[in-house]
Amino acid sequence: MIELRNAQELAKISQACKLSNAALWAVEPYIQPGVTTKELDHVLHKFITQAGGTPSFLNLYGFPGSACISVNDQVIHGIPSPRIKLKEGDIVKVDVGAFYEGFHGDNAYTFPVGQISEEARKLLKVTEESLYKGIEQARPGNRIGDISHAVQAYNEGFGYGVVREFVGHGVGKKVHEDPEIPNFGKAGRGVRLVPGMVIAIEPMINLSGAGVRTLADGWTVVTKSGSLSAHFEHTVAITESGAKILTVR
Ligand code: MG
């Protein structure tokens, strides 16, 4: 069931979204060669809890970290680890949600570690641009397929692989709600978008091939090809005048 939010609920979701975005940017200065993903997780946990929130992903379905932190060919759901140390040229995806006063916010960003290759830089740029192509379509009268198609077409235009197995979602009292927001699909298909819907749009884009597999830890999703993958996410509200990005500073 798709929940529609009234103005009061939207104001609360906005607060949770602002906190999750503030956490994302609070971790940025720590993203340097030599830092472990566990150390980054500590920064995120401290930031969210000191602000009076709870990390949305901690213990969600049993996930053992406060955020999902995924490096290079890891697509999503990377478990923060003292054994994973960032090095110059890596790309690191931080996916962090915050629960605050009854509602969640969810966002993700792919950070470069120092100087990265031209190939990686372009992957990050295109994936982030595709998120905004999707957001442009998130307006009343359009359908979910319009978002999906815009994201897919833009990335595939660069020859990139669009991950099929994991998708965006509604956001509210739970961090994962209906409807699903795939990053692939046909324009004009699917659920019609109406004001009051709050959704997370989150393209997961591989440099080479769309295939992914899950590691033996039961969480970490990696590209089948071993190529780099990028992930960007915003939580947005559908309003009368179009999409409003809630995960802003
Ligand atoms: Mg999400």
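Within region 201-236, take every residue that is crowded, with 22+ Cβ neighbours inside 10 Å and more than 26 Å from S81 (Cα to Cα) and give me the one that is farthest from the ligand (Cβ to nearest atom).
V236
Report yes if some residue within region 12-26 is open to solvent by 20 Å² or more (accessible area, probe 1.4 Å), within 23 Å of R249 (Cα to Cα), under 15 Å from the mean Cα position of the chain (by Cα) and small (G, A, S); otherwise report no.
yes
When you go through (1) assigned to a loop (DSSP other than H, G, I, E, B); (2) away from the ligand (no atom under 15 Å from the Cβ); (3) open to solvent by 10 Å² or more (accessible area, probe 1.4 Å) one by one for K244, which number turns out not to apply?
All conditions pass for K244, except number (1).
Residue pairs, Cβ under 8 Å, 6 or more apart or interchain, first in region 78-92 and closer than 19 Å to T214 by Cβ and free of Cβ contacts under 8 Å to residues at least 60 places away in the same chain, second of a type in the set (K, R) and surrounded by 15 or more Cβ atoms within 10 Å (Cβ to Cβ). List them.
P80/K38; S81/K38; I84/K38
Name the single residue, out of those in region 174-198 being aliphatic (A, V, I, L, M) and surrounded by fewer than 18 Cβ atoms within 10 Å (Cβ to Cβ), that is farthest from the ligand (Cβ to nearest atom). Break it down into steps so the answer makes sense when it comes.
The first filter runs over region 174-198 and keeps only residues aliphatic (A, V, I, L, M), leaving 175, 181, 187, 191, 193-194, 197-198.
Going one step further and asking which of them are surrounded by fewer than 18 Cβ atoms within 10 Å (Cβ to Cβ), we end up with 187, 191, 194.
Numbers: A187: 23, V191: 17, V194: 21 Å.
By that ranking, first place goes to A187.
Checking V71 against (1) away from the ligand (no atom under 13 Å from the Cβ); (2) over 18 Å from G218 (Cα atoms): exactly one of these is not met. Which one?
Single failed check for V71: (2).
Please specify each residue of region 131-173 satisfying the condition of being assigned to a loop (DSSP other than H, G, I, E, B), under 21 Å from E3 (Cα atoms) and more than 16 Å from the ligand (Cβ to nearest atom).
Scanning region 131-173 gives Q137, R139, P140, G141, N142.
Within region 55-71, how many residues turn out to be more than 15 Å from the chain's Cα centre (by Cα) and buried (at least 23 other Cβ atoms within 10 Å of the Cβ)? Steps first, answer last, please.
Our first condition is that a residue be more than 15 Å from the chain's Cα centre (by Cα); within region 55-71, this holds for 58-65.
Filter once more, keeping what is buried (at least 23 other Cβ atoms within 10 Å of the Cβ): 65.
Number satisfying all stated conditions: 1.
The values are calculated or read from the model by the stated rules, or taken from the named source; none is laboratory data. Treat the numbers as computed from the prediction; the structure is a model and nothing was measured. Note that we place each Cβ from the backbone using ideal geometry, even for glycine, and neighbour counts take in every protein chain shown. For the accessible areas, the whole protein counts, side chains as well, though only heavy atoms, and no ligand, DNA or RNA atoms are used. Shrake-Rupley method; radii C 1.70, N 1.55, O 1.52, S 1.80 Å.
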